[in-house]
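The values are calculated or read from the model by the stated rules, or taken from the named source; none is laboratory data. Here the structure is a predicted model, which means the values were calculated and not measured. When we count neighbours, we look across all protein chains shown, and the Cβ atoms used for this are built from the backbone with ideal geometry, even at glycine.
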Amino acid sequence: MMESLFPLALFAFVATITPGPNNIMLTSSGIMFGFTRTIPHIFGITVGFAALALLCALGVGSLLLAVPSMHLLLKTISSAYLLYLAWKLRNMSFNPADGQNAKPMSFIGAAAFQFANPKAWVMCITSASAFLPAIQPLWQALAVYCLTFAVVGLPCIALWAGTGSVLRRYLAQAGWRRLFCVVMVLLTIYTAVSVWL
């Protein structure tokens, strides 16, 4: 069993620690709201991703890829949302008072976003076809598969939110704030474009 878990855990680590829509949004949320107020967002991603992973392991991901119009719709929605996010990030405010009045992404919103997140779909479809543990009965294999992603992914995405909350105190200076906004906008636009590559 350990032989099949290690490749899955390694894939989950690489997939969740690298930049993507979730991690960009978590960094932004950490900056705007701090780590504590971003916790529901973190757990929403974890639960939503586990649900998506379960659906893909049950074959829904392959079905989606087999219907070109559904695949096109998913890519269009996700890239449009990322471009909207880039537009919002261009003049991100770091005033703590603004963060108090605004609302971070909710648990439900973050969980639901996984179903429009192109990176999450690719990760789930790839891992379900290549790394589903060879355990019987099937429900145990599915439980181990989803739990591995949750246990490995949670600290990885929390690190991005934590990084944002640490950066929060350094971005009071206008020059650093402008530079950070440019970097975040470019990363978000790149992510939106990469959906179509």
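If the condition is being surrounded by fewer than 21 Cβ atoms within 10 Å (Cβ to Cβ) and touching a residue at least 40 places away in the same chain (Cβ under 8 Å), then segment 51-63 contributes ALA51, LEU54, LEU55, LEU58, SER62. Each residue in segment 166-195 was checked for being β-branched (Val, Ile, Thr) and touching a Pro at 6+ places or on another chain (Cβ under 9 Å), and 3 of them qualify.
Against the conditions (1) crowded, with 18+ Cβ neighbours inside 10 Å; (2) within 11 Å of CYS56 (Cβ to Cβ); (3) at pLDDT below 90, ASN117 satisfies every one except (2). Residues that are surrounded by 24 or more Cβ atoms within 10 Å (Cβ to Cβ) and either over 20 Å from ALA86 (Cα atoms) or of a type in the set (Val, Ile, Thr) (or both) within segment 28-45 comprise ILE31, THR38, ILE42, ILE45, listed in sequence order. Would you check if ILE108 is assigned to a helix (DSSP H, G or I) and at pLDDT 80 or above? For ILE108, the condition - assigned to a helix (DSSP H, G or I) and at pLDDT 80 or above - is met. Could you please let me know if ILE17 is over 26 Å from GLN173 (Cβ atoms) and surrounded by fewer than 20 Cβ atoms within 10 Å (Cβ to Cβ)? So ILE17 fits the description; yes.
Of the residues making up segment 1-38, those that are without any contact (Cβ under 8 Å) to a residue 24 or more places away in the chain and in a helix (DSSP H, G or I) are MET2, GLU3, PHE6, LEU10, VAL14, THR36. All conditions in (1) modelled with pLDDT under 80; (2) over 19 Å from the mean Cα position of the chain (by Cα); (3) surrounded by 13 or more Cβ atoms within 10 Å (Cβ to Cβ) hold for SER78, with the sole exception of (2). Whenever a residue of segment 99-128 is under 17 Å from GLY20 (Cβ atoms) and among the polar types (S, T, N, Q), its partners that are crowded, with 21+ Cβ neighbours inside 10 Å and modelled with pLDDT under 90, lying with C-beta atoms within less than 6 angstrom and at least six residues away or across chains, give the pairs GLN114/ALA120; ASN117/PRO21.
Within segment 43-63, being closer than 10 Å to TRP121 by Cα, at pLDDT 90 or above and of a type in the set (Gly, Ala, Ser) holds for one residue alone: ALA53.
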